Amino acid sequence: MGDKREAFAARREAMGFTQEGLAAAVGVEFSTVGRWERGALTPQPWRRPRIAAALGVSLDELHVLLGQGPTHGRQDLPQSVPGQTTWRRSSPASSSPASALTAAYEPAGSLDMGLVPAEFLESLTLTVKPPRRIGSAEVEQVKLMTSTLAASENLYGGGMAGEAGAAHLRWAGRLLSARASTAVAADMFEAVGNLAGVVAFSAFDVGNHDAAARCFRFSLWCAEQSGSWELRAATLADMARQAIYLGNLDDALSLIEFAQVRADRLTATARAMIGVVRARLLAMLGRHNESRAEVDRADAYFSQREPETDPPWLVYYDEAEHAGSSARALTPLAVAEKQPGDAAERLVSAVRLHSDAYPRSRAFSRARLATLHMAVGDPREAVLLGRQAVDDATMLHSKRMDEELAKLVRACERHRAISEVAEFSELVASGIDHV
């Protein structure tokens, strides 16, 4: 083995690589290359194409350099070498899963995990055929996935929820091709569309706007297939929120007006939610009187809500959410009038009413209230509120939250002569990637 690993080292040198250079070329730590050459570690199969390319050899030639002989296309994992943990195919003679596992694992040495542990799992797939026919049980399973992911996103932001949700969505999407009764098929399209909406908003939350747009479109298609006007309207409203965030106000206005088509088929809660998004858009366009009137209409709809009639994707839109969302629509007017006024009062209510199940929403409301006070209110009060927002945001993986805190930092600029404002601004700026 030693002589053959010397051939590997000789090939590296012939290609002009130091150990450090080859490590950089194939994406491993410098020490890993040394362990390969000493025979203490064997490269994982999924890493070998990159190594072969760097050394200018074929995969079969690389296997010879590693002392394993040519594979001629076989997919078996490498045999073990002293001091290394290896995984390989179990023998055809294995009589049970337990014996196969015992044969496949040799607990010795260490496993080449790559640069980070997640790299080792990149090629992991668990392919299970979906059922050929589905019923209400599968619909309920998708609904449970969705509620669990939505709860995670509200608690921690879109990071983990988005990654897990994408896997769930790929699985659930395959159920749409299964045989089902007309009623079950409609329910499944609606359930999968709701799941797609949660995954889309998770992607939006962490700044993956291409993935968000793709999942929003899929959600909208599912809503149309199921004939669900409620899901259609909610998805269009979320698409409008993303367009606002990206600065595409004309597109956002078109989307929210599409959401209001056949509003007679929507619950009062849905009408209130959509109205608040439209009010925010009008405010951003400088149409403050129209925005105020739209908020008043949304308040009237919200007072008529019957939560028990709302679909599951509107559960989040409670009194706290309405107060916080409507405050966003009123904030441009408050800034123009140089008075925190109604916008601040609504944000105070939102902070008070948000439950522990929605720490992200509470963090947003506190950060927005702090920014409003920093702009037209009491800057010292803004610092107190801002510190609470930062505490709330500690557990969140949310680019949108980072953006909100960056707005607060920018609002601090006019008051940096106040020592506590300057200290707070520097503290927040040091914890986010951009300001």
### Message
Between Ala283, Ala259, which is under 22 Å from Ala323 (Cβ atoms), open to solvent by less than 10 Å² (accessible area, probe 1.4 Å) and touching a Pro at 6+ places or on another chain (Cβ under 7 Å)?
### Response
Ala283
### Message
Please return the ranges of helices (runs of 4 or more DSSP H) entirely within the stretch 149-258 where 1 or more residues are acidic (Asp, Glu) and either free of Cβ contacts under 8 Å to residues at least 24 places away in the same chain or farther than 26 Å from Arg271 by Cα (or both).
### Response
158-175, 209-226
### Query
Out of all the residues in the stretch 16-36, which are closer than 14 Å to Glu6 by Cβ and open to solvent by 30 Å² or more (accessible area, probe 1.4 Å)?
Gln19
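State all residues of the stretch 374-404 that are aliphatic (A, V, I, L, M) and over 20 Å from Ala203 (Cβ atoms); if no residue qualifies, say none.
Selection gives Met374, Ala375, Val376, Ala382, Val383, Leu384, Leu385, Ala389, Val390.
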### Task
Residue by residue through the stretch 262-280, note down the ones that are open to solvent by less than 40 Å² (accessible area, probe 1.4 Å) and outside any helix (DSSP H, G or I).
Leu266, Thr267
### Task
Return the only residue of Leu285, Leu281 being farther than 19 Å from Trp229 by Cα, modelled with pLDDT under 95 and under 30 Å from the mean Cα position of the chain (by Cα).
Leu285
### Task
Could you please tell me which pairs satisfy a Cβ distance under 6 Å, a separation of 6+ or placement on different chains, a first residue in the stretch 41-63 that is under 20 Å from Ser31 (Cα atoms), and a second residue that is in a loop (DSSP other than H, G, I, E, B)?
Leu41/Asp112; Thr42/Pro78; Thr42/Val81; Gln44/Asp112; Pro45/Leu77; Trp46/Ser123; Ile51/Pro43; Leu55/Met15
### Task
Could you figure out which of (1) open to solvent by 70 Å² or more (accessible area, probe 1.4 Å); (2) of a type outside the set (Lys, Arg); (3) out of contact with any helix residue (DSSP H, G or I) (no Cβ under 7 Å at 6 or more places or on another chain) isn't true of Ala178?
(1)
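The values are calculated or read from the model by the stated rules, or taken from the named source; none is laboratory data. Keep in mind it's a predicted model, so treat the numbers as computed, not measured. Cβ sites come from the backbone with ideal geometry, for glycine too, and all protein chains shown count toward neighbours. Heads up: the accessible areas ignore ligands, DNA and RNA and are worked out on the full protein's heavy atoms, side chains in. Shrake-Rupley method; radii C 1.70, N 1.55, O 1.52, S 1.80 Å.
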